[in-house]
Each structure stands twice: as C-alpha cells, then as structure tokens.
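See below for the structure under consideration.
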Amino acid sequence: MTEQTQRPSLYQLFKQALRGDVQHDFTKGSIGIAAFLLAVPMVLEMAMESIFAIVDIFFVASLGFEAVAVVGLTEAVLTILYAVAIGLSMGITALIARRIGEGNPQKANQVAGQALWVGMLVSMLVAFVGLVYSQDILRLMGADEKVLAVGADYTLVMLCGSITILYLFLINAIFRGAGDASVAMRSLWLANGLNIVLDPLLIYGIGPFPEMGVTGAAVATTIGRGVGVLYQLYHLRGHASRIKVGLAELKPQLEVMLGLIKVSIGGILQFLIATASWVALVRIVSTYGSAAVAGYTIAIRVVIFTILPAWGLSNAVATLVGQNLGAGKPDRAEQSVWRIARYNLYFMLSVAVVFILFAEFIIGLFTTDPAVIRDGVNCLRFVAYGYGFYGIGMIVVQAFNGAGDTMTPTRINFLCYWMLQIPLAYSLAKYAGLGTNGVFMAITIAESLLAVVGIWYFRRGHWKTKTV
C-alpha cells in the first residue's frame, strides 16, 4: 500500500480534529496534517470567542447608541484584562508545549495546576477594581451622563465576573499547548450557545426573565462563560485529555508560578502595549461623540469576528513551534510557520474583499443611525486594506510566542503602536483634519508595519535557540 493511499481523507481528518479522540504526535509525519488537526478546532474556538462580541452588539444595538457606546467603552477597558489573559496564555502554551514535546507530561500537569492559581489571583484584583471604580472607569473613558446612566451596571458585572474570562483563556491555553484543541473548542461552543440564548431573554425580559437592558448582556455573557469554565475544569481532571490536574498539581508551588510568570511577562507586556494603544484610540474617537464610538465599536467587533479565527491558525503555529522545539526539530517548526502563514494570507485577503465591497450592508445589520453607519463603514474599509499584511504578521509574531520568545513581539509592538500608531492617529485626526478617518488610517499603517518588522525578525532565526 502506498503512502498516498494510507493518508486519511479530508473528511476523516476533519472528523478527527473535531472529536479529538486520537492523540496525534505533532512532532512527526506530515506538517500539513498536523497543522490541519490543530487549526480546525482552534479556528472554530476563536470563531466562538468572537461570537461573544457580535451577539452582544447585535442585541444591544436596538437599545440605542448609548448602550452600544457602553459596550464599546467597557470592552476597551476589558482589553487590558484580555492582554493579561492572553499574555499568560502565551506562557502557558509555550511551557506545556515544550514539556509535551520533551515527553514530560508530569511537568506539564504542574504548570497547568499553578496556572489556575495565577488566574484566580488576577481575577480577584480585577473584581475589586470593578466593584469600587466601575463608574469612574467609564468617566475616564469619556462616557457622558446618559451613557453612565445606561451602562454603569454593565461595566460592574463584566469586571466582577472577570474570573470567567481569565479561566476560559488560561485553561484553553493549557489544552492548546498539549495539543487537545478540540476540548478548548467545545468549551467555547457551550459558553456561546448559552450566551446566544440568554442575551435576548435578559436584555428584553422575555417570558419569566427580568428586563435588564444592556446589563442583561453582561449577565448572559458571564453565565455562559462560567458554564464553559466548568466544562473545562471537568476535562482538566484527565477526561479525554493529555493533561490531568489533581490535588497534587493544585498544591501551590511558588517556583513553578514564578517560572510561568517569567515566561509570560513578555506576552503580558506585549498585549498591554497593544491594548493600551487600543484604549488611546477609543479615547481619541470619543472626542467626536457617542455615535462615532458606536460606529467604531460595531466595526471593530466585526473585525474581531474575522481576526479571531485567524488567531486560531496562529495558535496552531504556537503549539507546533513549541512542541517541535521541545523535540529538537527547529527546522520543522519553521516549515510549519510558513505553511500556516500561507493559509492565513488566503483567508484574510478573502475577508478583506468582502469588507471593502459590502461594508455598508454589514454595518447596517447592526444599526440604522446614519452617523453610526458612516463611521462604522469607514473603519471597516480602512482596516480591511491592511488584511494581507495582518494575515502573515500575526502568524510569525505568534511563532515567537510559541517558542517562548515573548520579548521580541513586545519590542515590535512598542515601536509600531506607541511610537507610531497613537501619535499618528492623533496627528491625522486633529492636525490633518481627517477626524475619525485619521484614526482608522493609523490602524492600517501601524498594523502593516508590524507585519513587515515581524517577518524580518523571524527570518533572522534567533527564536530557534530560545529555552524555557
């Protein structure tokens, strides 16, 4: 029998990727098959994460642009939490992938157990800040009194329920690092399914449910994520997973926690830099009124809907790079990066064409307000012009993170976001007289430069010698 006839069909691979019932060795055999088995559940996982953003905006939009502005301003603040969660996730994925690649699952289990403690401590701090300062945070972000009246409780619930956000990210990073991407995918399916059902019930007060307005969206999202976390914790006990966390792994081990934080600190700084830039951009846009914030928020939520599946592909790269470096196969790790970068480029260019041609129709699905539509359409088109660069850039940058080299992307982000994007956005908007279009243009320029610089650094190859 030839190698060609032995190779499973695309349907068989797809079914295996979804079920995750066969533990594949990602350091051997076809790179294409390894990438497919990881990418399919990771893309679907990230698509599910992006649906949180789209569903909330879809149901909240009918409450008026003040309610949409609440979601946008709160999301801008939450991006700082996402930065911490994603940064920690990078360290978790890199460490667990290395240990699995080295054939040391016991060490991987220890990292998983200590990651839960780190997530708990961070979420307690965020909940305290939300409980005490939720209204002050909205004011700082430029919310007027109408927005505060509508949305203070939304911000409170989202911040106090931050443990569900952190654990979804961190535990899924554990599964991804181990190559159990299908478990991570199913947890997001469950969380999103509940959110979709509960959103209209709690926002509009359908049937026996209370009418909570925009606050209902926060409650629905937190409940959905909470149930998803319970599903994750069940599988962390070793059910259909390479990782098994018991009482021994949950015993606090300061050395392991500090090691995790040390690897993650670059990733946290990396995304804090990026998200601080995002907060600054929202602040600039807010000077043009709540309608501008609402249009920007809708457009960015639509962008996230496509960016996160692309991040699913980049997460597959992180796992492949980490496990293959652990197995002493740096050349295979590099080949995996370029293979998936090509796939992502095709995907992002296809989405860009749709956004450019149908921007008015897409934004019109969420609002009928002409001012909101105008800014939303402009934002969507400007961002889409750089999608080809983003497609390759996010893959090579995530390859650094998979190798445990989180400081290189941090330096790149500092250059492209703080040194270029923020001052350029302000200058184009205020001094060049472009208004919100100047902000949107700065996003495209900065993200495209980030891709070019990231590719240059990646080709130098220093990431291959990184030890964690």
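The values are calculated or read from the model by the stated rules, or taken from the named source; none is laboratory data. Only a predicted model underlies this, so the values are computations on that prediction, with no experimental measurement involved. Cβ coordinates were reconstructed from backbone atoms using ideal geometry, including for glycine residues, and neighbour counts include every protein chain displayed. These accessible areas exclude ligands, DNA and RNA; they are computed on the full protein's heavy atoms, side chains included. Shrake-Rupley method; radii C 1.70, N 1.55, O 1.52, S 1.80 Å.
Observations on the model:
- Counted residues, segment 416-446 - those being assigned to a helix (DSSP H, G or I), of a type outside the set (Ser, Thr, Tyr) and surrounded by fewer than 16 Cβ atoms within 10 Å (Cβ to Cβ): 3
- With respect to the conditions (1) under 21 Å from the mean Cα position of the chain (by Cα); (2) open to solvent by 30 Å² or more (accessible area, probe 1.4 Å), Leu281 lacks only one, and its number is (2).
- Going through (1) in contact (Cβ under 8 Å) with a residue 24 or more places away in the chain; (2) open to solvent by 40 Å² or more (accessible area, probe 1.4 Å) one by one, Val197 falls short only on (1).
- Odd one out for Ala191 among (1) in contact (Cβ under 8 Å) with a residue 60 or more places away in the chain; (2) small (Gly, Ala, Ser); (3) open to solvent by 10 Å² or more (accessible area, probe 1.4 Å): (3)
- Residues in segment 83-97 include at least one that is more than 20 Å from Leu269 (Cα to Cα) and either in a helix (DSSP H, G or I) or modelled with pLDDT of 80 or more (or both).
- Test: residue in segment 346-369 that is over 25 Å from Ile304 (Cα atoms) and surrounded by fewer than 19 Cβ atoms within 10 Å (Cβ to Cβ): no
- Single residue of Ile243, Ile261 found to be β-branched (Val, Ile, Thr) and open to solvent by 30 Å² or more (accessible area, probe 1.4 Å): Ile261
- Checking each residue in segment 300-309 for being surrounded by fewer than 23 Cβ atoms within 10 Å (Cβ to Cβ) and of a type in the set (A, V, I, L, M) picks out Val303, Ile304, Ile307, Leu308.
- Residue within segment 122-133 that is in contact with a Leu (Cβ under 7 Å, 6 or more places away or on another chain), open to solvent by less than 20 Å² (accessible area, probe 1.4 Å) and closer than 30 Å to Thr467 by Cβ present: no
- Odd one out for Val150, checked against (1) open to solvent by less than 60 Å² (accessible area, probe 1.4 Å); (2) farther than 28 Å from Gly87 by Cβ; (3) touching a helix residue (DSSP H, G or I) at 6+ places or on another chain (Cβ under 7 Å); (4) not acidic (Asp, Glu): (1)
- Cβ-Cβ under 9 Å pairs, at least 6 apart or on other chains, segment 287-310 side more than 17 Å from Ala61 (Cα to Cα), far side in a loop (DSSP other than H, G, I, E, B): Thr287/Gly142; Tyr288/Gly435
- Qualifying residue in segment 33-43 (condition: at negative phi, assigned to a helix (DSSP H, G or I), among the β-branched types (Val, Ile, Thr) and modelled with pLDDT under 80): yes
- Of all the residues in segment 447-468, those that are within 25 Å of Ile356 (Cβ to Cβ) and either out of contact with any Leu (no Cβ under 8 Å at 6 or more places or on another chain) or buried (at least 21 other Cβ atoms within 10 Å of the Cβ) (or both) number 7.
- Residue within segment 431-443 that is under 19 Å from the mean Cα position of the chain (by Cα), within 22 Å of Ala316 (Cβ to Cβ) and of a type in the set (A, V, I, L, M) present: no
- Residue check, Phe58 aromatic (Phe, Trp, Tyr), farther than 24 Å from Gln253 by Cα, modelled with pLDDT of 80 or more and within 25 Å of the chain's Cα centre (by Cα): yes
- When restricted to residues that are among the aromatic types (Phe, Trp, Tyr) and touching a helix residue (DSSP H, G or I) at 6+ places or on another chain (Cβ under 7 Å), segment 222-251 contains 1.
- Scanning segment 311-336 for residues that are among the aliphatic types (A, V, I, L, M) and surrounded by 22 or more Cβ atoms within 10 Å (Cβ to Cβ) returns Leu313, Ala316, Val317, Ala318, Leu320, Val321, Leu325, Ala333.
One line per residue, one yes/no per condition, for (1) touching a His at 6+ places or on another chain (Cβ under 8 Å); (2) of a type in the set (A, V, I, L, M, F, W, C); (3) within 24 Å of Met120 (Cβ to Cβ):
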{"position": "Thr164", "(1), (2), (3)": "no, no, yes"}
{"position": "Arg186", "(1), (2), (3)": "no, no, yes"}
{"position": "Leu194", "(1), (2), (3)": "no, yes, yes"}
{"position": "Leu201", "(1), (2), (3)": "no, yes, no"}
{"position": "Tyr204", "(1), (2), (3)": "no, no, no"}
{"position": "Phe209", "(1), (2), (3)": "no, yes, no"}
{"position": "Gly216", "(1), (2), (3)": "no, no, no"}
{"position": "Gly224", "(1), (2), (3)": "no, no, yes"}
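- Meets criteria (modelled with pLDDT of 90 or more, open to solvent by less than 20 Å² (accessible area, probe 1.4 Å) and under 25 Å from the mean Cα position of the chain (by Cα)) for Gly266: no
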